[in-house]
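Visitor: Structure incoming, see below.
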Amino acid sequence: MAWFCSAQWTTFTPPLTVWGFPLVLKSKKTGEPLKPKPVNNTRTDKLDSYMWRYSFQDRRCLIPLTAWAEAEGPKGKMTRTWLSLPDAELFAVAGIWRESEEWGECYSMVM
């Protein structure tokens, strides 16, 4: 869970939201829905796809951060590389948000 802020608020009262948009896949064996997995990073070259399009058009936000981690390395042996701004205790990155049936309010960072 994390906080995000939107330009529509007149005062900053950060809501509790979920990191990542839910991606619901179906089992190849049974055809039943699987547990949703979070999609955390919205790639700029995919913003016109169905998953991101309406949030990018209508629900942009700023996500306050002190740092974030990127996974690096081969599958099964990935490590986290932490990124931050050297002279900034707090900064913001572009994000989008939406309501989801699975998790309520959720958001994703635009990369």
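Read the figures in this text as sums done on the coordinates, not as results from a lab. As the structure is a computational prediction, the values presented were derived from the model and not from experiment. Reconstructed Cβ throughout: ideal geometry from the backbone, glycine too, with neighbour counts over all protein chains shown.
Visitor: Ranking 91, 21 by Cβ neighbours within 10 Å, fewest first, what do you get? Walk me through the numbers before you get to the answer.
Guide: Details: 91 14, 21 23.
By the 10 Å Cβ count, ascending: 91, 21.
Visitor: Using 0.36 nm per residue, how much length does the chain from residue 90 to residue 70 gain when fully extended, once their Cα-Cα distance is taken away? Write out the running numbers ahead of the final one.
Guide: On the way: separation 20, 0.36 × 20 = 7.20 nm, distance 1.80 nm.
Taking 0.36 nm per residue and subtracting the Cα distance, the gain is 5.4 nm.
Visitor: Let me ask another. What distance in nm separates the two pseudo spin-label positions at residue 50 and residue 81, each 7 Å out from Cα along the beta-carbon direction?
Guide: For the pair residue 50/residue 81, the computed spacing is 3.4 nm.
Visitor: Test of understanding: what is the full-extension gain from residue 99 to residue 27, defined as 0.36 nm times their sequence separation minus their Cα-Cα distance?
Guide: Values: separation 72, 0.36 × 72 = 25.92 nm, distance 2.43 nm.
Length difference between fully extended and current span is 23.5 nm.
Visitor: On a full-extension model of 0.36 nm per residue, what is the gain between residue 40 and residue 57, subtracting their alpha-carbon distance, rounded to one decimal in nm? Kindly include the intermediate steps, with their values, before the conclusion.
Guide: Details: separation 17, 0.36 × 17 = 6.12 nm, distance 1.80 nm.
Extending this stretch completely gives an extra 4.3 nm.
Visitor: Choose one of 55, 39, 73: the residue whose Cα lies farthest towards the positive end of the charge dipole of the chain (beta-carbon charges +1 Lys, Arg; -1 Asp, Glu; about the Cα centre).
Guide: Value: 73.
Visitor: Using just the helices of the chain, give the 222 nm mean residue ellipticity in deg cm²/dmol: DSSP H runs with n ≥ 4 each add -39,500 (n - 2.57), and the total is spread over all residues, rounded to 500. Kindly include the intermediate steps, with their values, before the conclusion.
Guide: Numbers: 1 runs with 9 residues, N = 111.
My calculation for the chain gives -2500 deg cm²/dmol from helical runs alone.
Visitor: Explain nothing, just compute: Karplus ³J(HN,Hα) = 6.51 cos²θ - 1.76 cosθ + 1.60, θ = phi - 60°, for every residue of segment 84-98 in order, whole Hz, x for Gly and Pro.
Guide: 7, 9, x, 10, 10, 6, 9, 8, 10, 10, 5, x, 9, 9, 6
Visitor: Moving to a separate point now. Tally Lys and Arg at +1 and Asp and Glu at -1 over the other residues with C-beta under 9 Å from the C-beta of residue 22: what net charge comes out? Don't jump to the answer; show the numbers that get you there.
Guide: Working: positive: 37; negative: 101, 102.
After counting each charged neighbour, the total is -1.
Visitor: Give me, ordered by chain and number, the residues 5 or more places off residue 103 or on other chains with an amide H under 5 Å from its own placed amide H.
Guide: Hits under the 5 Å cutoff: none.
Visitor: Just give me a number: lysine pairs in segment 18-110, eight or more positions apart or cross-chain, with C-alpha atoms less than 21 Å apart. The partial results should precede the final answer.
Guide: Values: 26/35; 26/37; 28/37; 29/37; 35/75; 37/46; 37/75; 37/77.
Taking the Cα cut-off of 21 Å, the pair count is 8.
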